[in-house]
Amino acid sequence: MKYRQLCIATILLSALPAAVAADTLYHQLSTADWFERPIAEGVTWRYHHFEELFGARQSITVVEVDLSVEGTEVVFPIRPKGTSPQRTSVMTPTQFPDAVAAVNATYFNTREPYGSVTYVRVGGETIQGDAEPTRFLLDGGIAIRDDNTVEILTKRPDDGWGILPHRDILVAGPNVVIGGIVEDNDHHGAHCTNRHPRTAVGITTENKLLMVTIDGRTDLARGMTCNETGQLLHALGAIEAVNFDGGGSTTMWIAGEPNNGVVNYPSDNSTYDHAGERGAVDAIAVIAPPLAEQPPWDARLTAVEAPGHLLPDEEGTVTVTVRNIGTETWTADSVTLQVSRPQGGPSPFADESWISPGHPVRMTPDRVPPGNEGAFVYTLGTPAVEELSTITDTLSLYRNGSRFGLPDNAIRLSIDVYTEMLDAPVIFMEAVPPGIHHQWFSGSGWSRGGGNCTAEGLAGNISQMYSATRRNAIGVRTGRYTPLLVEGGTYEVHVSWGEGSLRQPDITYTVVHAHGSEDFIVDQSATANEWIRLGDTFEFLPGLGPTRIEVSNKDTVDESVSGNMYAGGVKLVRVE
């Protein structure tokens, strides 16, 4: 495994409104310190988190596949028509155990009738019929001939995709690069002009397939427009490239990696982590021969254990466990864990026990042979803050001063540091960052959007979380507000939500308190942006965890109704 300056195509980008200049983009990409790991013969995984690209933070993952390597094959995992979506990280290895990498593919229905909404052919069989290019400009795709030749399609035949001779076809769009020229897709509406997570696939003049994911919808990853996606793919070397399904679907999977192989930062949980993967109905996967030789110096992150919060003057312990997957033995004198952004620190959590402000502790044991694990266990100091703050720290492995083995933000600590301000008579909680105490909201299957919640006391302009209510399709979904209370006592509980489509009349709020729990059925369709009080008062215990307020679809009367529930704000009012 090595790091290098990414080799980028030097073909100039076409002029586009508000575009990053071609030479500026090329310089940013070619001088970035990309993480790089060969994962099979002719297949390379690269990743970099840019503090500024297209004027925003961007998180980009690239898998480059040399299609000329003998034994390399591109395949399409696919769900049977009419069956519910499945995560790419599950669908791909289940159907193709030898696959080494995959990305999600076509646009699809999230409700019955499930399946792709674009033309799909696999093994010569048409799975989904043709459709006229409409909402997402279904004018491109990827196709495979009987001899396994891979092609990027950039023009729908006049008589439809069905006349093409290819064995396998996945259609998407819009096209973002055609014939070495970046397409201008601004006239196609918000799907293209708004920044979203993106999945795109392209091909180079050297017959290399590029599978690219662009993360988004978080403070650390903004996402890109269609035009920006085209510029990026072109600068990476693509002469033909197509935008596939993005948003919460955007997923890059690599066999054998932690987090079930998900290596990008999917956005379906509105959090910059690897846990927000959404199900899909098909994917683009790669099978390739195993590496002939393993890199001498390489590492895989096994686990990071760290506190989620720190109170004033509280100490926390971090344990980072890393496996040696190279061929050389590590020693504690040469392999270190250090702050990586900026390299060498200082860390906001530096403690007097550290070796230096950017170097917390020596590795144990002192020698780690190939196949074994090394650990770094150290104490966190608590930064002084004037208000509740989320403090981050990013660390990586270094060998004799040079980073190796992991992306430079793979070990990323995000810790809430508290002050006594939480011992307050009124505490607000919002579901979406950077809202008030947003760190306390959690829930799988929730997405950001659907209008703002503007109840009095809230930020009012940061959107809200929403989730579907159709229990016969998705089961019970629950969002949880779990406050840290410095002082227990008696509290009133008030909830609010904003305007949004398909609001339902039977949403359940559950208050978990010192003596049990109580459910309240709330009609979210009746009002919005107002505080609704739940019950009378409740006794809450101090700490993080004994108290929580949940919102769920567990009591919706009609399990098949297509609707949404919204998580806006929660207000706790202490009763003296």
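Just so it is clear, none of the values below were taken in a lab; they were calculated from the coordinates. Since this is a predicted model, take the numbers as computed values, not measurements. Backbone-built Cβ (ideal geometry, glycine too); neighbour counts: all protein chains shown.
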Given the Cα-Cα distance of residue 557 and residue 24 and 0.36 nm per residue of separation, how much length would full extension add, in nm? 186.3 nm
Expressed in nm to one decimal, what extension gain is obtained for the pair residue 514 and residue 486 from 0.36 nm per residue of sequence separation less their Cα-Cα distance? 8.6 nm
Relative contact order for the chain: what is it in percent, counting Cα pairs under 8 Å that are at least 6 residues apart? 11 percent
Looks like the range 299-418, by Cα gyration tensor root eigenvalues a ≥ b ≥ c and the a/c under 1.5 rounded cutoff (else prolate when a/b is bigger than b/c, oblate otherwise), is prolate
At what distance in angstrom do the alpha carbon centres of the range 80-147 and the range 478-530 lie from each other? 39 Å
Give the residue from 272, 572, 496 lying farthest towards the positive end of the charge dipole for the chain; charges sit on Cβ (+1 for Lys and Arg, -1 for Asp and Glu) and the dipole is referred to the Cα centre. 272
For the peptides 341-349, 271-279, 170-178, what is the packing order when you average, over each peptide's residues, the other Cβ atoms within 10 Å and list the highest mean first? 170-178, 271-279, 341-349
In debye to the nearest 20, how big a dipole does the range 299-418 give about its Cα centre with +1 on each Lys and Arg Cβ and -1 on each Asp and Glu Cβ? 740 debye
In Hz, Karplus ³J(HN,Hα) per residue of the range 492-507 (6.51, -1.76, 1.60; θ = phi - 60°; x = Gly, Pro): 8, 10, 10, 10, 8, 8, x, 4, x, 6, 6, 5, 10, x, 9, 9
Amide H contacts under 5 Å for residue 75, placed H, 5+ residues apart: 285, 286, 287
Give the long-range amide H neighbours of residue 388: residues separated by 5 or more places, or on another chain, with amide H under 5 Å away, using H modelled in the peptide plane at 1.01 Å from N. 419
Apply the Karplus parameterisation 6.51 cos²θ - 1.76 cosθ + 1.60, with θ equal to phi minus 60°, to every residue of the range 190-197 and state each ³J(HN,Hα) to the nearest whole Hz, in sequence, with x for glycine and proline. 5, 4, 9, 7, 7, 7, 9, x
Indicate the gyration tensor shape class of the chain (rounded, prolate or oblate), computed on the Cα atoms with a ≥ b ≥ c the square roots of the eigenvalues: a/c under 1.5 is rounded; otherwise a/b larger than b/c is prolate and the rest oblate. oblate
If you stretched the chain out fully between residue 379 and residue 206, how much longer would it get, using 0.36 nm times the residue separation minus the C-alpha to C-alpha distance? 57.3 nm
Given the -39500 (n - 2.57) contribution per DSSP H run of 4+ residues, what per-residue ellipticity at 222 nm results for the chain, rounded to the nearest 500 deg cm²/dmol? -1500 deg cm²/dmol
Calculated from backbone phi, Karplus (6.51, -1.76, 1.60) coupling profile of the range 300-316 in Hz, x at Gly/Pro: 10, 5, 8, 6, 10, 10, 8, x, x, 8, 9, 8, x, 6, 8, 9, x
Express in whole angstrom the spacing between the alpha-carbon centres of the range 31-50 and the range 360-423. 23 Å
